[in-house]
1. Could you tell me whether region 439-455 includes any residue that is surrounded by fewer than 20 Cβ atoms within 10 Å (Cβ to Cβ) and more than 18 Å from residue 322 (Cβ to Cβ)?
2. Scan 519, 559 and give me the residue that is among the β-branched types (Val, Ile, Thr), open to solvent by 20 Å² or more (accessible area, probe 1.4 Å) and at pLDDT 95 or above.
3. Considering only region 458-479, I want to know if a residue exists there that is modelled with pLDDT of 95 or more, closer than 30 Å to residue 301 by Cβ and in contact with a His (Cβ under 7 Å, 6 or more places away or on another chain).
4. Which one is nearest to the chain's Cα centre (by Cα), of the residues in region 379-408 that are under 17 Å from residue 352 (Cβ atoms) and buried (at least 19 other Cβ atoms within 10 Å of the Cβ)?
5. Those residues that are in contact (Cβ under 8 Å) with a residue 40 or more places away in the chain and out of contact with any strand residue (DSSP E or B) (no Cβ under 9 Å at 6 or more places or on another chain), I need them from region 406-424; list them, please.
6. For region 116-163, give me each residue that is farther than 23 Å from residue 79 by Cβ, surrounded by 14 or more Cβ atoms within 10 Å (Cβ to Cβ) and either of a type in the set (Asp, Glu) or within 21 Å of the chain's Cα centre (by Cα) (or both).
7. Against the conditions (1) at pLDDT 95 or above; (2) closer than 18 Å to residue 568 by Cβ; (3) not polar (S, T, N, Q), where does residue 163 fall short? Just the number, please.
8. What pairs come out if I take residues in region 287-315 that are touching a residue at least 12 places away in the same chain (Cβ under 8 Å) and pair them with residues that are open to solvent by 70 Å² or more (accessible area, probe 1.4 Å) and part of a strand (DSSP E or B) whose C-beta lies under 6 Å away, six or more apart or interchain?
Amino acid sequence: MLSKAIVAIAAAQAVAAYVTAQTPLSPLGSLADTQLHTSGPCKQFNILVPKQTGIANALESLYNTPSFKTKTNDALSAIIRVPSVSSENFLPVGQDPHWETFSDLHTELRKLFPLVFKSLNVTTVNTYNLVFHWQGSDDSLKPVLLTAHQDVVPVEPSTVDQWTHPPFSGYNDGVLVLCIPTQNISSLSILAIGTWIWGRGSVDDKPDIISQLTAVDSLLKHGFKPKRSFVLAFGIDEESSGTYGARHIYKYLEGVFGQDSFAALIDEGSGFSEDSGIIFAGPAIDEKGYLDVRVEVRTPGGHSSVPPRHTAIGILAQAITAIEANPHPTDLLRDSTTFQYLQCAAEFSPSLNPLIRELTKRAEHDDNALKELAHALVTQPGEQGAFALALLGTTQAVDLISGGVKVNALPEKVEAVVNHRISEYSSVSDLQSRFTSIVLPVAERFNLTLDAFGRVVFEGAEGRGEIVLSDAWGTALEPAPKTPTNEKTDGDVRPYELLQGTIKAALKASPAYKDKKVVSSPALALGNTDTKSYWNLTRHIFRYGHLPDDAMYNGAHTVNEAIHVNALVEKVRFHSKLILNWSEADF
């Protein structure tokens, strides 16, 4: 693979053609309303073009230049090279040297964005969390909160050799092309035209940090002064529950601004995909709950030469077997976010299974069709069925197991941890009750006391041992409050409508997507983000990352995490229009 190589001047004409294709169009001319509209269940709102057209046009001209893409991608590479890992095993900030890496990250960000650090009020919370306050001219308007996280998941040491490029290299596999002057290129220049930026955090979630800071930096350089205040908050341990990050940021923001003090919150989340020429964007308005259940089996020890019929490990194995033999039931409700998502797909997706389309339309008023639809979704083969199961119910995964200290000693304590993502219509208490009912017959069979979440539900024989169920790390989380999609705020402004209009404006301004039709649909987040700490700050929480689904080389949290070099500019375009539109949201 060529790396930073200078290609012969003979390639200059090809590069000139590339640059011509990227030259900016007039945003006003390219943002003609070619969207799909309906008054049905998947209502589509118009494109929302910023009123400050001079700044908006100037930014589009900047963003469409190869030099801007190169500079922005270089910034991402720079912070990927800082291994800002977080882990549940870290001690609190101030007691664990691992956190000191975040100081290096801050140093790099200050080098990259000196104007932002100079112009905005920057506060560090719990030493390493970053909060930027961009004061607006109208204090009567609630500020908007943009969030991201600085930390990344660790790299499994045994997988390092499997990476195409080292996990903290920030390697850009771009090819440098030497260009001679042409009618499109006025002077000799070198363009970086690459494919991927490699490294841990290249997808999750360092692009959002660079995008938000780049958008603010670009707006500052063009003289923009917001009417509404904006707050950017970057936590340090989203990947390990937010204990030292978002929870501390929340306390700070609540102290400064108060509860229900923000007009909206936009965090990392889903993006967009293409289906037969139509772009589908899915901002998540809802988030599943969370519970890690620790299952401990405690039995008397002894020499393994005289073993009982079932050791603690054998009993734990039977409990696990019972758990996996009883997956959580699935259900589909008409008022669920998932059904809203299906209605949009049924109305606009050309490739949707005809049976799913027909059942979805019937299910709007037919209870039997609703049940048939749920069954048809979860019985789809392969990944489609697995994804449907995750959408329609609580998932469970036995992820950790441990026990035993020596081959000739009976294990006295063994345990497993079962991870759950709780469906939007269930709760932590419902899950605990059901889990207890599944493990209870195992306790009864072996005459072991069952202590379920602090309550003894079965008294076993004295001296036989016990099974203990508990919240493994005290991180239980109810399903998130659902963001309204039709509630007005600030007079006539609907936050969801504003977000949908901004997404469409960003896509229609992009040379890559300007000719596509765009559909936006509410979505359900299957994982959890830092927004779980911010519920009391606003009811209008959106988890949306404006990342195309083909921009990830191999996903996140795995070997060869990488982002396509064209994706970051699309994010910057979105965040810039978001700030412009929200600043003037009294339209």
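The values are calculated or read from the model by the stated rules, or taken from the named source; none is laboratory data. A quick note: this is a predicted structure, and the numbers were derived from the prediction, not measured. A quick note on method: Cβ atoms are made from the backbone with ideal geometry, for glycine too, and the neighbour counts reach across all protein chains shown. Please note that ligands, DNA and RNA were not included when accessible areas were found on the heavy atoms of the full protein model with its side chains. Shrake-Rupley method; radii C 1.70, N 1.55, O 1.52, S 1.80 Å.
1. Within region 439-455, one or more residues are surrounded by fewer than 20 Cβ atoms within 10 Å (Cβ to Cβ) and more than 18 Å from residue 322 (Cβ to Cβ).
2. Criteria check complete, one pass: 559.
3. No, every residue in region 458-479 fails to be modelled with pLDDT of 95 or more, closer than 30 Å to residue 301 by Cβ and in contact with a His (Cβ under 7 Å, 6 or more places away or on another chain).
4. 391
5. Listed by number, the list holds a single entry, 407.
6. 144
7. So the condition that residue 163 fails would be (2).
8. Taking only residues 6 or more apart or on different chains, the pairs are 298/413.
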